[in-house]
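The values are calculated or read from the model by the stated rules, or taken from the named source; none is laboratory data. Please read all numbers here as calculations on a predicted model, not as lab measurements. Here the Cβ positions follow ideal geometry from the backbone for every residue, glycine too, while neighbour counts run over all protein chains shown.
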Amino acid sequence: MSTPKMPDRLIRVVAWLTLGAALLPLGGCAVAALPCRLTSATLKIIPVVGHAAAAPFDMCSSAID
């Protein structure tokens, strides 16, 4: 027996509610700085040049805060 698949719409609703719940505790400035922080954290994974490439995004998030 196979389990029934969840409808795509229900999956989208759950995804949006999860995103909303994750962003709820953040203040206004933290939400605005989130894209800069995520980009910076992603770039820092790259060996050798990651931290240098992430520096402008670190400054961006600091300026917003």
- Could you list, in sequence order, the residues of the stretch 38-65 that are within 22 Å of GLY27 (Cβ to Cβ), of a type outside the set (Phe, Trp, Tyr) and outside any loop (DSSP other than H, G, I, E, B)? LEU38, THR39, SER40, ALA41, ASP58, MET59, CYS60, SER61, SER62, ALA63, ILE64
- Item | Selection from the stretch 21-65 of residues that are of a type in the set (D, E, K, R) and loosely packed, with under 13 Cβ neighbours inside 10 Å | ASP65
- Query: So which pairs qualify, if the first residue must be in the stretch 43-60 and free of Cβ contacts under 8 Å to residues at least 24 places away in the same chain, the second must be part of a loop (DSSP other than H, G, I, E, B) and not hydrophobic (A, V, I, L, M, F, W, C), the Cβ gap must be under 6 Å, and the two must be at least 6 apart or on different chains?
  - Reply: GLY50/LYS44; HIS51/LYS44; ALA54/LYS44
- Would you mind stating whether CYS29 is in contact with a Cys (Cβ under 6 Å, 6 or more places away or on another chain) and in a helix (DSSP H, G or I)? no
- Message: Can you pull out every residue in the stretch 29-49 that is modelled with pLDDT under 90 and either of a type in the set (Lys, Arg) or touching a Leu at 6+ places or on another chain (Cβ under 8 Å) (or both)?
- Response: VAL31, LEU34
